[in-house]
Amino acid sequence: MKRETFIFILGVLAAGSLVFHFYDQYQQRAAMKDMITETAKKHDIPAWIPLSIAETESGFDPETIGDSGTSYGLFQLHRGGLAPEEMTEEELLKPEENIEIAITNMTRAYDRAQVKGLEGIAMLTYIANTSGWPTQRGTDWTDQNTNYNKKLAKNFKKHIKVKELTTAE
């Protein structure tokens, strides 16, 4: 009886630990979404654009490091791309810095997309594929060579429901 009780208690503790872990992740992601939304408002860009891109790039995990250690944070700012060479890895992983750099660059792509008359998913893929790399090849290249735009489309459907800022206002 004692062994079963001990195993039961361990199971309850393990389950509680998992619940706490997932709740903590949920809270962190919610805070990242709020920061992104506020910065988008500040730059007068619809929040669904950076929200969709950040979810595609990092799943809203500000500590994400990708591309063999050359891309950092929520928006995967890349060395040789948007990541300023003078910034340290620690600075690039700070959500406030990462968001500001990414959305500042998205704003220029957003303006170009509006001039082109793009809307919705076409606007999102244009912005995502032309605002991050200095030698960006555009949406045609990524459509042919990656699943990135498919992930963007999935996340677009989630975040287009965000009503903070629309082009109709």
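The values are calculated or read from the model by the stated rules, or taken from the named source; none is laboratory data. Everything numeric here is computed off the predicted structure, so don't read it as measured data. Cβ: placed from backbone, ideal geometry, glycine included. Neighbour counts: every protein chain shown. Side chains are part of the model used for accessible areas, which takes the heavy atoms of the whole protein and leaves out ligands, DNA and RNA. Shrake-Rupley method; radii C 1.70, N 1.55, O 1.52, S 1.80 Å.
Computed values, structure above
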item: Solvent-accessible heavy-atom area per residue, rounded to whole Å², over region 84-133 at 1.4 Å; result: 51 Å²
item: Ranked packing of 12-19, 104-111, 61-68, 121-128, most packed first, by mean Cβ within 10 Å; result: 121-128, 104-111, 61-68, 12-19
item: Out-of-range pairs (alpha-carbon distance over 23 Å; input Lys33/Lys154; Lys42/Lys150; Lys33/Lys94; Lys41/Lys158; Lys94/Lys154); result: Lys42/Lys150; Lys94/Lys154
item: For region 1-91, with +1 on Lys and Arg beta carbons and -1 on Asp and Glu, the positive-most of Tyr23, Ser68, Ile49 along the dipole; result: Tyr23
item: Shape parameters for region 66-116, alpha-carbon atoms, Rg then Dmax in Å; result: 11.8, 37
item: ³J(HN,Hα) computed for each position of region 54-59 - Karplus, 6.51 cos²θ - 1.76 cosθ + 1.60, integer Hz, glycine/proline x; result: 4, 5, 5, 6, 9, x
item: Region 13-98, accessible surface, carbon-and-sulfur percent (1.4 angstrom probe); result: 52 percent
item: Ranked by how many other beta carbons lie within 10 Å on average, peptides 43-54, 84-95, 27-38 from highest; result: 43-54, 27-38, 84-95
